[in-house]
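A.B. asks: Please find one structure pasted underneath; my questions will follow.
The values are calculated or read from the model by the stated rules, or taken from the named source; none is laboratory data. This structure is a prediction, so every number in the text was calculated from the model and none was measured. A quick note on method: Cβ atoms are made from the backbone with ideal geometry, for glycine too, and the neighbour counts reach across all protein chains shown.
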Amino acid sequence: MGVAVIGLGAMGLPVARHLLAAGVRVTVRDLDPVAVRAAQEHGAHPAAGDAEAAKDADAVAVFVPTDADVLEVCLGSSGVLAGARAGAVVLLCSSVRPETCRQVAADAPAGVDVLDAALTGGVRGAEAGEINLLVGGDPAALERVRPLLAPWTAAVHHLGPLGSGQVGKTANNLVHWAQICAVTEALELARRAGVDVRVLRRALMDGPTDSRTLRELEQMRLTWHAKDLANTATLAAEVGFEIPVAETARRVMTAIGVGDVARLLGNGPLYQS
């Protein structure tokens, strides 16, 4: 079986490497020739266009940044859907809105299935081949490509119809950014009250508030919060639900960067004066 990987960024390139290490035939497509060469060094075959990349693939995994990028890559006479053969499954692995997934699926030719397959676990999960995959769409299509997911995932969850994976990813992202806000705020509060953050953090790891966020905070890149929480706001508006926690996280995260977290975990001030 063969896989086409479209987009060789922080997530796509590690996924391609894990597939190649498992003996899967991988075709790659990216606008960055350096990223393409990096994949070629592991045995990937480059494609000149998105349709060409898809033409011999059993699964096409799309890892591009935005909704607009997904539509550009998938639709049109030179897009993934134009090249995909009958029986192929297109996996939308980008963080996009559910309606983007449905728009791609509406243009899919007969015999080509589209799944939204949102990734959680971040860059470190991708590097380790331990992605937690949240999938929406036809469960039979998921079963067809499940062997091609095994080399780069730790778990695969089917959440419901097309778009459900992206809803799950939005829920995941809300918890993720809210946790970062809560942990950093709590540690800064304690620091200002005279407690050493380094000592307190170790103590919290032994209590009921322990979490992966608390343990791995300094390893997080703190990127994409604006996009993630904007998607949360869009979904909330669509379903008529107020999200005060998300709105607070959206405001707070604009002031927290990697350097701020590093100072805090070294028992310095969270915010630069």
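A.B. asks: Which one is surrounded by the most Cβ atoms within 10 Å (Cβ to Cβ), of the residues in region 212-236 that are more than 15 Å from Leu174 (Cα to Cα) and not charged (D, E, K, R)?
C.D. replies: If we take residues in region 212-236 being more than 15 Å from Leu174 (Cα to Cα) and not charged (D, E, K, R), then Leu217 is surrounded by the most Cβ atoms within 10 Å (Cβ to Cβ).
A.B. asks: Based on what the data block shows, is Asn267 surrounded by 15 or more Cβ atoms within 10 Å (Cβ to Cβ) and either part of a loop (DSSP other than H, G, I, E, B) or among the basic types (Lys, Arg) (or both)?
C.D. replies: Spelling it out, Asn267 is indeed surrounded by 15 or more Cβ atoms within 10 Å (Cβ to Cβ) and either part of a loop (DSSP other than H, G, I, E, B) or among the basic types (Lys, Arg) (or both).
A.B. asks: What's the total number of residues in region 81-125 that are at pLDDT 95 or above and on the phi > 0 side of the Ramachandran plot?
C.D. replies: Count: 2.
A.B. asks: Restricting attention to region 177-232, report how many residues are of a type in the set (Gly, Ala, Ser), without any contact (Cβ under 8 Å) to a residue 40 or more places away in the chain and assigned to a helix (DSSP H, G or I).
C.D. replies: Of region 177-232, the ones of a type in the set (Gly, Ala, Ser) are 178, 182, 186, 190, 193-194, 203, 207, 211, 226, 230.
Filter once more, so that each one left must be without any contact (Cβ under 8 Å) to a residue 40 or more places away in the chain: 182, 186, 190, 193-194, 203, 207, 211, 226, 230.
Checking the rest, the ones that are also assigned to a helix (DSSP H, G or I) come to 182, 186, 190, 203, 226, 230.
Of the residues in that region, 6 qualify.
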